[in-house]
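Read the structure below first, then the notes.
The values are calculated or read from the model by the stated rules, or taken from the named source; none is laboratory data. Computed from a prediction, not measured in an experiment: that's the story for all the values here. Here the Cβ positions follow ideal geometry from the backbone for every residue, glycine too, while neighbour counts run over all protein chains shown.
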Amino acid sequence: MGIHDGHREKMRRRFLETGLAGFADHEALELLLFYAIPRRDTNALAHQLLERYGSLEMVLVAPVEDLQNVKGIGESAALLLRLVPMLMEKSRIKENAPVILNSTEKAGDYLLCRFDGKKNELVYELCLDRKGKLLASKLLTEGDVNGAELNIRKLVGNALLTNASAVILSHNHPSGVALPSGEDFVTTDRVRTALESVGVQLVDHIIVADEDFVSMRDSGYFTK
């Protein structure tokens, strides 16, 4: 029996008896890492991860390549950490079930998952039918932390190809707050004009940052 085996067995028995009730965040993370790192003290690694990312939630949404920058976290451990929240998300989505985004809250929650853990600015186009059913979620472009260029022609083309009646535009502010900039107002007007020219309505422009989102429509920045 290795030096850590007795401790690991106690942790496993504790989990089997009580679940995660009473486990501190670092203990839950330590237990998870047992299964990717068989011969190392994962307690120290768990503390290191929490110190680096600030919370258990942020550890689990960190990009794989960034997790691997932590000494002792190899590819297997990084993949396991990212797999956990992805499995949870997948389990909440019924296979082939339609996604209905007929409210700001539903659209915002959907988009929070799309931007989860992303460090670069991304621009998404959600193509919807008249009842708010999601026809397609299109990643239009990806830039750096300073912005991403929007291809209006591609956006309009996506709407036409999916036979969309409405579109929600969304992008993230990776290093800021979820408030629209002057450029966001200009982009919204350009997109709305382009879509209206082909009979498609731009119903909202949602900005995501720091696990929060702002609807330009609901905030009074956006006219229906």
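The set of residues in the range 68-86 being closer than 16 Å to HIS47 by Cβ and either surrounded by 14 or more Cβ atoms within 10 Å (Cβ to Cβ) or within 13 Å of the chain's Cα centre (by Cα) (or both) consists of VAL70, GLY72, ILE73, ALA77, LEU81. Exactly one residue among MET88, MET11 is assigned to a helix (DSSP H, G or I) and closer than 30 Å to LEU111 by Cβ, and that residue is MET88.
The set of residues from the range 45-67 being without any contact (Cβ under 8 Å) to a residue 24 or more places away in the chain and either exposed (fewer than 14 other Cβ atoms within 10 Å of the Cβ) or not assigned by TED's automatic domain parsing to the domain that holds LEU87 (or both) comprises GLU51, GLY54, GLU57, GLU65. Within the range 170-224, the residues that satisfy the criterion of being surrounded by 16 or more Cβ atoms within 10 Å (Cβ to Cβ), in contact with a helix residue (DSSP H, G or I) (Cβ under 8 Å, 6 or more places away or on another chain) and β-branched (Val, Ile, Thr) are VAL191, VAL200, ILE206, ILE207, VAL208.
Output yes when any residue across the range 205-222 is farther than 21 Å from ASP109 by Cα and of a type in the set (Phe, Trp, Tyr), and no when none is. No, that holds for no residue. Taken residue by residue, the range 125-138 has no member that is at pLDDT below 95, within 18 Å of ASP184 (Cα to Cα), of a type in the set (Ser, Thr, Tyr) and in contact with a strand residue (DSSP E or B) (Cβ under 6 Å, 6 or more places away or on another chain).
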